[in-house]
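Structure first, commentary second.
Just so it is clear, none of the values below were taken in a lab; they were calculated from the coordinates. All values reported here derive from a predicted model rather than from experimental measurement. All Cβ positions, even for glycine, are placed from backbone atoms using ideal geometry, and neighbour counts span all protein chains on display.
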Amino acid sequence: IGKEKFHKSQHWGFSNNVAMLVAEDKPGIGGEPLPGQKLKPEYSVFPKGMGSDAPAWVAFDKQVLSFDAYFEEEVPDKNQELYRIRHCKIYFYLEDDTIQVIEPQVKNSGITQGTIVRRHRIPLPPPHEDQFYTIDHFNINIEVILYARRYKIIDCDQFTKNFLRKMGVRLNPPADRPDDPYTKERQKILESMKPMRPYERIDTLKQFLEHDGQVLRFFCVWDDPESMFHDPRELVLRYYLSDDTIDIKEIIPVNSGRDAVPLFLRRDKLPKYAPTGLYQPGTITSRTVLNVFGKLVGNGGRYILDNRKTGAVHQEFYRDSDLKIGAVINVWGRKIILCDCDEFTKEYCRTKYGIEDFTPVAYKAPPPPKPEKTFPPYTGFGSEEDSLCSCMGLLLKPPQKDFKKFMEKDRSGMESNILRFLAKLITDSPIDKDRKFIVSYFLSDDTISIFEQVQQNTGILGGKFLERGHVKKPGQELFKSEPSEYFKAQDLFVGARVCFHGHNFLLVDADEYTFNYMEKHTNEFCMADIGIILKKLKDTAEPRSREIRQVFAAADPEHSKVIEYEPFRNLIASITDGAFSEHEIITLGRYYSVREEYEMDLHFLLAVAQEQLKKNSFENFEQLSAVFLYNDREKCGVLPHEMCRTICKSFKLPLADDDLQALLTMFEDEHKQVEYKKFVDGLNWRENKIPAFQTIKVKPVYLEDLSGQPPSLPVKGIKYLPLLDDLFGKEE
């Protein structure tokens, strides 16, 4: 009566053409549950959005609830005990609702312990054996039945308590842990039992655990009176803090004639007053016993331990407190002096005993000074280095060269590692005044060569003036024992006066590579360090800053903020009163010079590129165009610069990277995109061959064409205002 819903759920169906129950969770007629059926709640206890959306095996990975429990086991076959209390651990794995029961091992229990129930899902006791235990069935101070065995949960760990509280479980108070009556009775029996023999506990474990591996080391000396020469014997004493034992090792000098033995004294406790004679067996013992009854009771007796050790022989051994620097110890009749110790021993004595004085005892004379090795003077035959090698050993070996420096500074690609200077002879002869020389300094082996430039109608043959080799500095004695000093790279700079084998030269200029190299390696060449030059100039010119500004302004009548190199050089020379070398003035002018930008001819560059492609037989222009077209997804005819470069590199285009970058830049539009069709057509030497171009003959700038006053780099103008601002600050 009162029912309005009479629909029936479909519980039966077909699975693989077999009629079977397919919907156990569906309700009965009208949505009412079937007899014995518990429907799942439509809504969760927790609000939507709480918790993680991850599956349980991910969200609860390696998370286990631990419960302390016990169960009672009947013992029907023994009169001493009727039941037994067995404590165990119940582990509930959150990731899959599995349960494991483990009993901890108890020593001498006689029971097979360990895993009682292996890990798996455990069904509930009847009549609900079709369901399994979940987290809702666990709490403190409750009983659970696992396979007809009743477990009483008495407590759990802190993680389990926190987790259950978050799940909304109200925890019961912990229960008491009952004791097993038989185990308690056995413990009383064991405690009442006393050893049948005298027993004295000597605990050395604590000392071993605290000081295992810690050793005090002292350096000692023993003056052996029986030795023929009365020479001191050096020893090393080691005191082991773990068991108060000592061993001694002798340091045997080389070629001493003594036998090398492993140890001077084997490891053992060292008595202070030894030797004291021989003792009878059993005299020295760690325990002393007394016969209480003597011979009154048959043949046996009653022995007890003598705590006072009546009649025992007491031996006194060396301890760590007896060892310190300067102390004399007795090692079986030998007087040994402790002279020094290592750092660990000093720190130990300082910490434990407050000792601060660790002055070592001098026990041997200082070693004689090592005689200085002198070499005979140079004989004049061969080079000095070769003659010196004959004095270094019996086997003659050629002098060793600096191979690492040779590999670093040898010619590599465009890096020649050769410093070239233009030089003139310092002479009053009108014939030799106009002679010009090229001085080459090779950084790989510090050698120097000189070539004279050919000049017409002078009557002097040019060519090699000085063979490549090391050049000695003038003013040195020829036949001497010390090695001679040779010219280094730091001795050569523009304006330097050098003497090569009696010929005085003035270095008046250098090539562009030399200036660039010296400016890149300012730590080696102070003459090219702009920082040092500016500091020197500032120290000299700062008191006359206003006057110097007026002088520079007078040198620029057109107010262009740029002056020529020649007046700039004269102004710097007058300001410094000749203290600056020519190289320093050139470095200053190069730093503040006006650089010119050069435009490259597209026609000339394409002709060079076609010539290079033709020499390398490159003809894959159709494939190159196809790849460009494939990468142009929008079919707009242009591609980014870097993409075009990558495609050319993939085809192994035989062009230098600088030339390739310049060519791609030539074919860029206003949006910095490369027009690849024009680029490929320009490179195609088969179809669009550029007529043979006439090589433009530009007169090369040789060193002989430079007078020595202006720098080799064409510095047409120097911006003097930045120089004045760096020296004196910006003018207000």
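Tabulated results
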quantity	calculated
Assigned charges on the beta-carbon of Lys, Arg, Asp, Glu; the range 403-523 dipole about Cα centre (debye)	100
Euclidean distance of C-alpha centroids, the range 554-577 and the range 501-549, integer Å	17
Cross-link table K272/K352; K615/K677; K615/K678; K409/K614; K249/K309; K473/K536, entries beyond 26 Å C-alpha to C-alpha	K409/K614; K249/K309; K473/K536
Kirkwood-Stokes translational diffusion coefficient of the chain, alpha-carbon pairs, 25 °C, 0.890 mPa s, µm²/s	58
222 nm mean residue ellipticity, helices alone, for the chain (DSSP H n ≥ 4; -39,500 (n - 2.57); rounded to 500)	-7000 deg cm²/dmol
Mean separation of Cα contacts under 8 Å, 6 or more apart, over the residue count of the chain: relative contact order %	6
Volume of the Cα convex hull of the range 291-432, divided per residue and given in Å³	543
Value of Rg to Rh for the range 602-683 (Rh from inverse mean 1/r over Cα pairs, i.e. Kirkwood)	0.93
Most positive-pole-ward Cα, Q400, L613, L209, against dipole of the chain from beta carbon charges	L209
Qualifying lysines (Cα of each under 20 Å from Cα of K188; at least 8 residues distant if same chain)	K78, K107
Prolate/oblate/rounded label for the range 403-523 (Cα gyration tensor, a/c 1.5)	oblate
Candidate aspartates and glutamates for bridging to K8, where Cα separation is under 12 Å - those fewer than 8 sequence places away on the same chain excluded	E32
Using a Förster distance of 60 Å, the FRET efficiency for K8-D77 (Cβ separation, nearest 0.05)	0.50
Cβ charges +1 (Lys, Arg) and -1 (Asp, Glu), total dipole of the chain, debye	3360
